[in-house]
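To keep things clear, I will list the structure first and then write my remarks on it.
What follows draws every value from the coordinates through simple rules; no lab data is involved. As the structure is a prediction and not an experimental result, all values here were calculated from the model. Cβ: placed from backbone, ideal geometry, glycine included. Neighbour counts: every protein chain shown.
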């Protein structure tokens, strides 16, 4: 028979719950709002979409969990990495063009 005794967190548990709630919710939201002011929405969303890839890479390195992955994982990873590389290349090209225009006295389209 299963005991249905309720567990009430003690003071130490409440403190850890508050720390985790503050850091993982409030502070993380503030960082993401700050990032959205500085970066494009595409860049921020690309970073969020890379989270599963980060997790899988960490699982490779920390737990040696790579024996169950099929070729489709690697194809998907290659597509995501290619999208990231193309995005960085486009951003660098735009910055280079903007700098070239500024040195030639051509006003940018931002103004």
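Over the chain, dividing the summed -39,500 (n - 2.57) contributions of all DSSP H runs of at least 4 residues by the number of residues returns a 222 nm mean residue ellipticity of -23000 deg cm²/dmol. Principal axis extents of the Cα atoms in the chain, from largest to smallest and rounded to whole angstrom, are 80, 39, 20. In this structure, residue 50 and residue 20 have a Cβ-Cβ separation that, at R0 = 25 Å, corresponds to a calculated FRET efficiency of about 0.60.
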